[in-house]
Structure formats: C-alpha cells, structure tokens
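Trainee: If you scroll down you'll find the structure; I have some questions about it.
What follows draws every value from the coordinates through simple rules; no lab data is involved. Just so it is clear, the model here is predicted, and its values are computed rather than measured. When we count neighbours, we look across all protein chains shown, and the Cβ atoms used for this are built from the backbone with ideal geometry, even at glycine.
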Amino acid sequence: MSLQPSGLRSMNQFGNRMPDYSSAGEASLAPVRRTLLICSFLTVCAAAVAYYRMNAAAPAVEPTSDQAAENYDAIIQSAVNNALSVPAASEWTRAVVARGQTLSDIFDQHQLAPQDWLAILELGGDCARLKHLKVGDVLRLRISDGELQELIYPLDERRTLDVRRDERGFEATTLTAAIERRTATAEGTIEDSLFNDGRKAGLNDRLILQFADIFGYDIDFAQDLQAGDRFSVVYEQLYKDHKKLRDGDILAAEFVNQGHVYRAVRYVAPDGTSAYYTPTGQSLRKAFIRTPVDFTRISSGFSLHRWHPILNRMRAHMGTDYAAPIGTPVHAAGNGRIEFMGRKGGYGNVVIIRHGPKYETVYGHLSRFRRGLHAGSKVEQGEVIAYVGMTGLATGPHLHYEFRVNGIPVNPVTVTLPRANPLPPQQLAAFRSEVAPLLADLDQIDARHAYASASPPP
Ligand SMILES: [Zn+2]
C-alpha cells in the first residue's frame, strides 16, 4: 500500500474509462450511466450464456436414475414428475438452435410432423416466443415413436415453457422458478485504483461502476482517491435451484475517503423505483449536474472583472464559458421548466430554465434549440435542450452557462449544488426499518476491519 506514482497512474486509468471524470467532475455521470447500462446489458447476456452453458452441461433427463435427476434442472424435473406417464430415458433430445434456424427447421431435423410445430405456435401466449428462436437457445424434446410428446424451452432465467401433448392436441404451461436473493459482502482498501482493488475484493466491473456512480456526486474517484481509503459493499446475489445466476445490485455501500465516511443504502419506494440515499434519507443525487456540456476547456471563468474581447472594456463575466464544437448537445442541468427560449442581445440564442422558486440556469450563444421545446416546456436533468454555437457576442464556439440563485448569478463551477429531493417524510419510517439491517451489515464489516487492524497477525 503506497502512494507510488504507478498507483496514481492506475487511478487515472479509471478516470479514462469514464470520459471527463476528472475534468468535468460531476457532469460526467451521463457517460457513466451509459457505461453502466451497457454493463448491465452485458451482464444479463453473460448470465444468459451461463444459463445455457449450465443447461448444455446437464445430462439428458433420466427420471429412472436418481443421480441424473438430481443434477437436472428442477423445473424440468418437476415437469417430468408431473407428467401423466413417466417417459422412458432415451426419449429426451436436446436441440441447440443454430444460426437462422426456426422451429420448423428443428422439427425437420428430428423428423417430427410439421403439423405439430404449427399447432404449438397456434397456442399463442408464451408459445409465440418459439417464433423468434435465437442462436444458442436450447429446446428439450421428448419424442416417443417418432412423435413429439413434450417440448421444454427456457424463456428467461426464471420462466420455462413446457408444452405437452394431450388427447386433444398440445397444452402449454409456463413454469416459474423462484429466484433466491442472497446477500454478499465485499471490502477492500485502496492500494492502486478502485477498479483493481475492487476486483481484488471480488467485485465485478458492473458493481464497481455502480459503486462509483452511487458516490459520484460526492467523490471524484479520479482525483480524490487516496491510498488507504476503504470500501465496503453489501450486494445481492441471485440464485436459482441453489446455483448462482449472477450478482445483483448494490444494497449498501461505504467509502472512507481521506478519513471521511460516506454511506449509501438502496431503498425501493412504494412505486417500485429505487434509489440510493444517505442513512438519514437524503438523496445521493444532486439537483443539478455541474457541467451541462461535454466541453474541451473552460475558455472563460466566472469573474466580477474581466476584459470583454468584443465590447473592448472591463465587464463582469457572470457565468462560465465552456469551449466546445458547434453542434455539441447542451443538457438541462436540472429538472425544471423553460422560462425563455429565443434571441436575447449579447447572449444570442439563449435558453433560461427555472428550477423552482430559487434557481435558474442560463445557456447562451446556442446555434439552435432542440426541436419540440418552447417556453413553458418541462425538462428533466440531463435532457438535451439545445446545441453549442456562437450567436450573440461570442468570439468562438462555446456555451455561456450561468447559475442564478434568487436571481443573482453565482460561479457555476464552485457553487454548492443542492441535493435532489430527500425522501418524503411519510416514507421515512418504512425507509428506516428497511435499511436498518443493511446498515448493521456495514457496521459489522467496519467492526471486523477494526478488529483485524487492531490485532497483528500471529
Ligand atoms: Zn460567457
């Protein structure tokens, strides 16, 4: 553990993974969220692949052999057990969908009657999913005397389609397996970078990005990270039939940065939306993003006295100029309503957004506005409202950005940004009881750490 330059370089690598993390500070969360979304998607894909591999590794069903049945997916087992007659071992066949294959191709391949796949697709409901088979999908077919008796197809990690022949034709059932959610913990000390030390602690990249995103408004992981900082994470692991499917989301997290303790807990509101809060129910989100544009450099800072290059005289600069190419999207810094949208003197094309009674943000020198927006439109934090230009009194393409508190411009780079709305008071009691065990988990990790660092190894 050290503050060697190599360690610091690694931290910058982390910064590079998330563009603008160091320069744009809090404004860089949009790319982080994008990355996070992509990561989530990849994780789901990986889970799906793992699921199919798991199935691929499973032996053909042999209900007469206890051992084979034990290894077998419980859903299929129950489907088999529920069958009116116990099928013979040799009747199950596994078909893996190849590129371009349809259900009819698979039936052809197994010399099954084409009227059967037609009849199954006609059942509709979840059977319609069989019209859109994907490469690698696995179908299990129970065939008796050259005739399809049963077809099993996993719809997702929880649900399995089971189609069985009966006297009248086919009947389809969707079986749902219970997903068990277990809690896991990980902890570590920063020696190198959040990525490397997070991985060492057993966290996957998605969880590490989620961790960085949770604390992203409070901690700049590219600049504020120090060797010796500590992290603890309580997260979900999803299991099906006692087999791990994948890691879920972070439930609680702690980061001790330069001696300051930050804690976050996840809370699912009654409307089903989830967010991370401080242990007292304060939002971990800020009401405003720091920088509303991906800029190349700050071309002019906030100043009460500066030489105006066009007016050729001293004039206060009530905002910050972010140099960026013409056409770069400009994002609303916070939720609000457009108060003004149009041309206004030296500002050129300008958007003014009102965020409640206290705050306003101003975006000047725009080349154009986003289609469909007008004065009175509601906008959300991060939404594109316009594009960088150089209209009005501007010597080059840039965004002139102002942050006004009670009508008075303040420095948007240094102003203390208010937090997003805390939990409504009527949810606080439910919040406290839900997060208490998570906070206890964090306390336990802390206690373990304190004990470990107090007692020297034997
Ligand atoms: Zn300006």
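Trainee: For a quick check: with amide H placed at 1.01 Å from N, whose amide H comes under 5 Å from ARG368's, ignoring anything fewer than 5 positions away on the same chain?
Mentor: For ARG368, the qualifying residues are TYR387.
Trainee: Whole-Hz Karplus ³J(HN,Hα) for the range 271-284, in order, using 6.51 cos²θ - 1.76 cosθ + 1.60 and θ = phi - 60°, x for Gly and Pro?
Mentor: Residue by residue, the range 271-284 yields 7, x, 7, 10, 8, 9, 10, 6, x, 9, x, 7, 5, 8 Hz.
Trainee: Find the eigenvalues of the gyration tensor of the Cα atoms of the range 297-410, then list the square roots of 5 times those eigenvalues as equivalent ellipsoid semi-axes, largest first, in whole angstrom. Write down the numbers at each step before the final one.
Mentor: Numbers: eigenvalues 96, 54, 27 Å².
Output for the range 297-410: semi-axes of 22, 16, 12 Å.
Trainee: Right, next: Can you list residues whose amide H is under 5 Å from LEU423's amide H, if they're 5+ apart or on another chain and H is modeled 1.01 Å from N?
Mentor: Distant-sequence amide H within range of LEU423: SER283.
Trainee: Give me a comma-separated list of calculated 3J(HN,Hα) values for the range 338-355, in order, Karplus coefficients 6.51, -1.76, 1.60 applied at θ = phi - 60°, integers in Hz, x for any Gly or Pro.
Mentor: With the stated coefficients, the range 338-355 comes to 5, 8, 8, 8, x, 9, 8, x, x, 6, x, 6, 9, 10, 10, 10, 9, 10 Hz.
Trainee: Can you tell me, using C-alpha contacts under 8 Å and at least 6 residues apart, the relative contact order of the range 278-415 as a whole percent?
Mentor: Relative contact order, the range 278-415: 27 percent.
Trainee: Shifting gears a bit: Excluding same-chain residues fewer than 8 positions from LYS200, which aspartates and glutamates have a Cα within less than 15 Å of its Cα?
Mentor: The reachable aspartates and glutamates, counting only those whose Cα sits under 15 Å from LYS200, are GLU187, GLU191, ASP192, ASP229.
Trainee: While we're on this one: Note down the net charge around GLN427, summing +1 for each Lys or Arg and -1 for each Asp or Glu among other residues with Cβ under 11 Å from its Cβ. Could the numbers behind the result be given before it?
Mentor: Working: positive: ARG432; negative: ASP271, GLU434.
That works out to -1.
Trainee: Here is a follow-up. Under a Cβ-Cβ cut-off of 14 Å, what is the net charge of the residues other than GLU187 that fall near it, where Lys and Arg count +1 and Asp and Glu count -1?
Mentor: On the way: positive: ARG199, LYS200, ARG230, ARG263, ARG448; negative: GLU191, ASP197, ASP229, GLU254, ASP441, ASP443, ASP446.
My count for the surroundings of GLU187 gives -2.
Trainee: Using the beta-carbon distance between LEU118 and ARG181 and R0 = 45 Å, what value does 1/(1 + (r/R0)^6) give for FRET efficiency, to the nearest 0.05?
Mentor: My answer for the efficiency is 0.65.
Trainee: Right, something else. As an exercise, use a Förster radius of 45 Å and the Cβ-Cβ distance of ASP145 and ASP249 to find the FRET efficiency, rounded to the nearest 0.05. Mind showing how you got there, number by number?
Mentor: Values: r = 49 Å, r/R0 = 1.09.
Once rounded, the FRET efficiency stands at 0.35.
Trainee: Please compute the modelled spin-label separation between GLU380 and THR173, points set 7 Å along Cα→Cβ, answer in nm with one decimal.
Mentor: So the two model labels end up 4.1 nm from each other.
Trainee: May I ask you to evaluate 6.51 cos²θ - 1.76 cosθ + 1.60, the Karplus curve with θ = phi - 60°, for each residue of the range 243-258 and list the ³J(HN,Hα) values in order in whole Hz, giving x for glycine and proline?
Mentor: Karplus-based 3J(HN,Hα) across the range 243-258 equals 10, 6, 8, 5, 7, x, 9, 6, 9, 7, 8, 9, 9, 9, 10, 6 Hz.
Trainee: Give me the net charge of TRP117's neighbourhood, meaning all other residues with Cβ under 12 Å from the Cβ of TRP117; Lys, Arg count +1, Asp, Glu -1. Before the final figure, lay out each step's value.
Mentor: On the way: positive: LYS131; negative: ASP105, ASP108, ASP116, GLU122.
Net charge in that neighbourhood comes out at -3.
Trainee: Leaving out same-chain residues fewer than 8 places away, which lysines sit with a Cα under 27 Å from that of LYS358?
Mentor: Within reach: LYS286, LYS344, LYS378.
Trainee: Report relative contact order for the range 311-371 in percent, whole number only (criteria: Cα-Cα under 8 Å, sequence separation at least 6). Provide the component values of the computation, followed by the final result.
Mentor: Details: 64 pairs, mean separation 14.0, N = 61.
That works out to 23 percent.
Trainee: Would you mind checking which residues have amide H under 5 Å from GLY248's amide H? H placed 1.01 Å from N; only 5 or more apart, or other chain.
Mentor: Amide H neighbours of GLY248, under 5 Å, 5+ apart: GLU236, GLN237, LEU238.
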